[in-house]
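Worksheet: one structure, shown below.
A short reminder: the numbers here are calculations on the coordinates, not readings from a lab. What you see is a predicted model, and the numbers here were worked out from it, not measured in a lab. As a convention, Cβ positions derive from the backbone with ideal geometry for all residues, glycine included, and neighbour counts pool all protein chains shown.
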Amino acid sequence: MTTRSWFDVVATVGLQRRAVQQSANIGSSKLLECDTSGMATDVFRSAVLPGGVGVGGGNLDASDGGGAAAEHIMTWRKQGHEVPIFIQFNGYPPHVDESYQGRIRLVEMTAIEISDLRAQDEGWYECSVVRLEGTDESTVNGSWIYLTINCTYPSHFSPALLGRVVVGP
């Protein structure tokens, strides 16, 4: 009998999304990228906030064909969280889960960077972009990412010391 990991199951259940495994050290930052290769390019063209302020730091040049971006919702979910940890609607300020406040930011339109990584950040993340207008195309987009958080010990610390108990002065 073969044992299959969650990574193997998600990668083969026919979700037609890219599944990857990534790792980072506790306290560091990690960029999680969403695969939107199946989406029409007009979804992300000129993603601009009301008032003309650009968002996300990527591909905001309105001269690339002009026009407003197609209305869309981008979500990042973490397994075990009832509500998405990050929701971006068509360039408006994002909703960020309270446990990620001050630690998550949008990068290049669909990627997020999580900083000050904690042990509880380990797990499955799923992103998706849903186009809200103008098409009934059933393009597959998004990614499944399993993030492993590594804990490093200071050079003067030995895990063997955890088993010792010192009694007395």
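Key figures
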{"read-out": "Placed amide H near Ala111: partners under 5 Å, 5+ positions off or other chain", "value": "Cys34"}
{"read-out": "Packing-based exposure ordering (other Cβ within 10 Å, fewest first) of Glu126, Glu108", "value": "Glu108, Glu126"}
